[in-house]
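Student: A single structure is presented below for examination.
The values are calculated or read from the model by the stated rules, or taken from the named source; none is laboratory data. It should be emphasised that the depicted structure is a prediction, and the values quoted were computed from it without experimental measurement. For neighbour counting, all protein chains shown are included, and Cβ atoms are generated from backbone atoms with ideal geometry for every residue, glycine included. We work out accessible area using only protein heavy atoms, side chains counted, and drop any ligands, DNA or RNA first. Shrake-Rupley method; radii C 1.70, N 1.55, O 1.52, S 1.80 Å.
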Amino acid sequence: MRKVQSLADLQSLRDEFRAEFCPADVKKVQVKIAMATCGIAAGAKQVMNHMVEKSKELGLDIDFTQAGCMGYCYAEPTLEVSVPGRESVVFGYVDETRADEILTKYIQNNELVEGIIPVNYETTD
Amino acid sequence: MATYNKHILVCGGSCCTSGNSAQIADNFKSTLAEKNLSNDVQVIQTGCFGLCDQGPVVKIMPDNTIYTHVKPNDVRRIVEEHIEGGKKVEDLLYVNPITGERVEDNKEPNKFHKKQIRIALRNCGVIDPENIKDYIAHDGYMALAKCLTEYTPEQVIEVVSASGLSGRGGAGFPTGKKWASSARAKADQKYVVCNADEGDPGAFMDRSILEGDPNSVLEAMAICGYAIGADKGLIYIRAEYPLAIERLKIAISQAEEMGLLGDNIMNSGFNFHIELRYGAGAFVCGEATALIHSMEGKRGEPTFKPPRTSEKGYNLKPTNVNNVETYANVPIIITKGAEWFSSIGTANSKGTKVFALAGKVNNVGLIEVPMGTTLREIIYEIGGGIKDNKKFKAVQTGGPSGGCLTERHLDIPIDYKSLTQAGSMMGSGGMVIMDESSCMVSIAKFYLDFTVPESCGKCTPCRIGNKRLYEMLDKITKGNGTMEDLEHLRNLSVVIKDTALCGLGQSSPNPILSTLDNFWDEYVEHVQDKKCRAGACKDLVQYEINPAVCVGCTACSRNCPVEAIKGELKKPHQIDNSICIKCGTCITKCKFNAIRIK
Ligand SMILES: Cc1cc2nc3c(=O)[nH]c(=O)nc-3n(C[C@H](O)[C@H](O)[C@H](O)COP(=O)(O)O)c2cc1C
């Protein structure tokens, strides 16, 4: 990676990375998994590995990323699914069975499955 | 298979459920079925929307519509007018509490007026903590760049001071003032230290920040270094936080690689290097002076202040010590401005506070609320109320240094001042909710049980005094306490607070004092009536089998580890309380609820 030279340089890098990490129009399905210690302890890593495998089997092209704590300790493991053209949805209590449902029902068929957690906070951006 | 083009989300949080949301969901399903729409529109119950005061809540996707105060007989209108007719039901639409207008189309679905605002946690759960590019995409290091190009060090401190940010590690000292004092100190070398010791039992705010957004802390430390004239940063983190450590290491090396840490950052001539130091998990090492001694390789014991660490700290050089969450607020204060930050919160406490909400609430979690939020809002709206419909009894804030507040404190707007006035403290952010099954004398004893072995032993009041306090509490919970003990308990608590060397001993009696104040009757019951109303003190309770309910299945007697239960098959059993050790096994094994605690 090259070194950032100035404020202006950082701004242009930011715009470049924005296009990569938070583009205005998302073209690919994104699954973001809460992977703080507690999420991992609750099984987030297994769920993610399982989903990666399963999505390959199903021929789904999905971007998986890890993130930190989403705050819903009572419902770990939790993950957020963003499908192009739809509002993103957070699912909690995700075990392998629910992970399969999320792939086959929600992502493939736009059918919601149990465990939806409405985001209950505002974030400053 | 159905291909839905609309979804109806019905809140299934506990407040909405008590407002009949299950009936609402059923009505939607039957009305849709009647109209042959079941294959087009899906109805599903969700977790809590956090709009409890406006429940039951229904959301229609993808129309960006939220309906509030929905009643079961509103369902038909919503289906006919909105789903079929394409016209939103005006009088049920969510009302924006600031403008007072009904919101027809919520383009930004996450911008509802919510009880929680994430500032310190803004990137947690949003970005990939192991990829600095994701942080930069979210304006990462812009604050540092802005400071280095547009602000003098004095101006940086002015912004931090004007924002009203104060320390999130417990004491609430004004951050700008601390930075100014470190900046004033003259020395050839200064240090910026991040306190990531997080020793309060049950607290995990700082770990979550470091695991979810490590770069924000690094960026803030560099800003602090620029402001006070330090080129070295040290993060003191407990070795029990391996994932946070790993992510910090990754973040440091990526930031160095991109020239955002290191020498001549962004060609400004400013150098800043950050290293990690590991703690072994002693509670006292979170105290700033003990922390510094621990980093120096000495015993983790506190020393008398003054001199303050900002004048003589690490290696006797001026050292600015701040908490993780304090730092996490800094970059966004720089980018959004002091005015923005100070507009959030109360007159004397600005911004937000992160709490680890735990105990007997339905939604335990990591929450961030603006200062001034009430305990009631936290417990009943964000926390979703008390588990199993039990009755609220107390809320503990401030960990071993804090206290227990009761029902009558639920409506005070929480900030540093009000919590202290009420007899507790903000602390670092642990918040434990208790229901009627918690014995307040035992709770006080629990915290003393924690502090006694955590005392470093350097000063007598803390080393010996806390032990005596514990012994008295133990005596009371065993039914051997006297009214005189209660008086001693209070007196000794006050003496320890007044005479201990550091914050540990100066605050360790708080759990006792606050429970004496708020739950005096319960102490008296333990002493005079030899009774524990919560049924938690084993020596004060008796187990009893209700003969009218017991069917004589023998599950209890077969599982009793001390054979204290006797009885014939199919006949009511009896417990011999002189043998019973009150382990509770029989209660969990009894399928008929026949065993009671008296
Ligand atoms: C016994 C004891 C334990 C402490 N533990 C911590 C801790 O784990 N984390 C922390 O940030 N501050 C802790 N503090 C407070 C620190 O002494 C210090 O006030 C704080 O780190 C300053 O940062 P702030 O101004 O940003 O809050 C503790 C204090 C005492 C007396």
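Student: Return yes when A:V47 is under 25 Å from B:R207 (Cα atoms), open to solvent by less than 30 Å² (accessible area, probe 1.4 Å) and more than 8 Å from chain B (Cβ to nearest Cβ) and no when it is not.
Tutor: The answer is yes for A:V47.
Condition check ((1) more than 16 Å from the ligand (Cβ to nearest atom); (2) among the charged types (D, E, K, R)) across all residues:
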| position | (1), (2) |
| --- | --- |
| B:D474 | yes, yes |
| B:N480 | yes, no |
| B:L486 | yes, no |
| B:S493 | yes, no |
| B:T499 | no, no |
| B:Q506 | no, no |
| B:D521 | yes, yes |
| B:E525 | yes, yes |
| B:D529 | yes, yes |
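Student: With the requirement that a residue be of a type in the set (A, V, I, L, M) and either open to solvent by 20 Å² or more (accessible area, probe 1.4 Å) or part of a loop (DSSP other than H, G, I, E, B) (or both), what does region B:355-381 give you?
Tutor: Residues satisfying the conditions are B:A358, B:V364, B:M371.
Student: Kindly provide the set of residues from region B:1-56 that are farther than 18 Å from A:G92 by Cβ, among the polar types (S, T, N, Q) and open to solvent by less than 40 Å² (accessible area, probe 1.4 Å), ordered by number.
Tutor: B:N27, B:T31, B:Q42, B:Q54
Student: Okay, moving on. If you go through region B:537-546 one residue at a time, do you hit one that is within 22 Å of B:A444 (Cα to Cα) and open to solvent by 90 Å² or more (accessible area, probe 1.4 Å)?
Tutor: Yes; the residues of region B:537-546 include at least one that is within 22 Å of B:A444 (Cα to Cα) and open to solvent by 90 Å² or more (accessible area, probe 1.4 Å).
Student: Among all residue pairs at least 6 apart or on different chains, which show Cβ distances below 6 Å where the first residue, located in region B:112-133, is within 7 Å of another protein chain (Cβ to nearest Cβ) and the second is open to solvent by 30 Å² or more (accessible area, probe 1.4 Å) and of a type in the set (S, T, Y)?
Tutor: What qualifies is B:R118/A:T123; B:R122/A:T123; B:D128/A:T65.
Student: Related question: Of the conditions (1) more than 16 Å from the ligand (Cβ to nearest atom); (2) over 21 Å from B:S455 (Cβ atoms), B:R277 satisfies every one except a single condition; which number is it?
Tutor: For B:R277, the exception is condition (1).
Student: For residues that are part of a loop (DSSP other than H, G, I, E, B) and facing chain B (nearest Cβ under 8 Å), scanning just region A:1-34, find the one that is modelled with the lowest pLDDT.
Tutor: Going through the qualifying residues, I end up with A:M1.
Student: Please enumerate the residues belonging to region A:1-51 that are of a type in the set (V, I, T) and in contact with a Gly (Cβ under 6 Å, 6 or more places away or on another chain).
Tutor: A:V4
Student: In region B:239-281, what residues are crowded, with 20+ Cβ neighbours inside 10 Å and in contact with a Ser or Thr (Cβ under 8 Å, 6 or more places away or on another chain)?
Tutor: Correct list: B:Y241, B:A244, B:M266, B:G279.
Student: Answer with yes or no whether B:E246 is charged (D, E, K, R), farther than 23 Å from B:D197 by Cα and part of a helix (DSSP H, G or I).
Tutor: no
For every residue, the table says whether it meets (1) assigned to a helix (DSSP H, G or I); (2) open to solvent by 100 Å² or more (accessible area, probe 1.4 Å).
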position: B:V524; (1), (2): yes, no
position: B:Q528; (1), (2): yes, yes
position: B:A534; (1), (2): no, no
position: B:V549; (1), (2): no, no
position: B:C580; (1), (2): no, no
position: B:C586; (1), (2): yes, no
position: B:R596; (1), (2): no, yes
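Student: Filter region B:133-178 for residues that are farther than 27 Å from A:T123 by Cα and in contact with a helix residue (DSSP H, G or I) (Cβ under 6 Å, 6 or more places away or on another chain) and give the result.
Tutor: Within region B:133-178, B:T149, B:P153 meet the criteria.
Student: Which condition number does B:G55 fail, the rest of (1) in contact with a Leu (Cβ under 9 Å, 6 or more places away or on another chain); (2) modelled with pLDDT under 90; (3) among the small types (G, A, S) being met?
Tutor: (1)
Student: Could you list all residues from region B:83-100 that are open to solvent by 60 Å² or more (accessible area, probe 1.4 Å) and either outside any loop (DSSP other than H, G, I, E, B) or touching a strand residue (DSSP E or B) at 6+ places or on another chain (Cβ under 7 Å) (or both)?
Tutor: B:E84, B:E90, B:D91
Student: A further question on this structure: Quick one: in region B:149-184, which of the residues that are open to solvent by 30 Å² or more (accessible area, probe 1.4 Å) and within 14 Å of chain A (Cβ to nearest Cβ) is nearest to the ligand (Cβ to nearest atom)?
Tutor: Result: B:Y151.
Student: Another question, if that's okay. So for region B:62-70 (the condition being within 28 Å of the chain's Cα centre (by Cα), modelled with pLDDT under 95 and under 24 Å from B:E381 (Cβ atoms)), does at least one residue qualify? Lay out the reasoning, then the answer.
Tutor: Initially, region B:62-70 is screened for residues within 28 Å of the chain's Cα centre (by Cα), giving none.
Within region B:62-70, none of the residues are within 28 Å of the chain's Cα centre (by Cα), modelled with pLDDT under 95 and under 24 Å from B:E381 (Cβ atoms).
Student: Residue pairs, Cβ under 6 Å, 6 or more apart or interchain, first in region B:254-265 and assigned to a helix (DSSP H, G or I), second at pLDDT below 95 and open to solvent by 30 Å² or more (accessible area, probe 1.4 Å). List them.
Tutor: Listed pairs, sorted by first residue: B:E257/A:M1.
Student: Quick check: is even one residue across region B:223-238 assigned to a loop (DSSP other than H, G, I, E, B), within 15 Å of the ligand (Cβ to nearest atom), open to solvent by 10 Å² or more (accessible area, probe 1.4 Å) and in contact (Cβ under 8 Å) with a residue 12 or more places away in the chain?
Tutor: no
Student: With the requirement that a residue be closer than 21 Å to B:P62 by Cβ, open to solvent by 30 Å² or more (accessible area, probe 1.4 Å) and either hydrophobic (A, V, I, L, M, F, W, C) or not in a helix (DSSP H, G or I) (or both), what does region A:88-109 give you?
Tutor: A:S88
Student: If you don't mind, another one. Does B:E198 satisfy the criteria of being within 14 Å of chain A (Cβ to nearest Cβ), surrounded by 24 or more Cβ atoms within 10 Å (Cβ to Cβ) and within 14 Å of the ligand (Cβ to nearest atom)?
Tutor: Numbers: within 14 Å of chain A (Cβ to nearest Cβ): yes; surrounded by 24 or more Cβ atoms within 10 Å (Cβ to Cβ): yes; within 14 Å of the ligand (Cβ to nearest atom): yes.
So B:E198 passes the test.
Student: In the set B:N27, B:N36, which member is more than 13 Å from every other protein chain (Cβ to nearest Cβ) and assigned to a loop (DSSP other than H, G, I, E, B)?
Tutor: Working: B:N27 fails: assigned to a loop (DSSP other than H, G, I, E, B).
Testing whether each residue is more than 13 Å from every other protein chain (Cβ to nearest Cβ) and assigned to a loop (DSSP other than H, G, I, E, B) leaves just B:N36.
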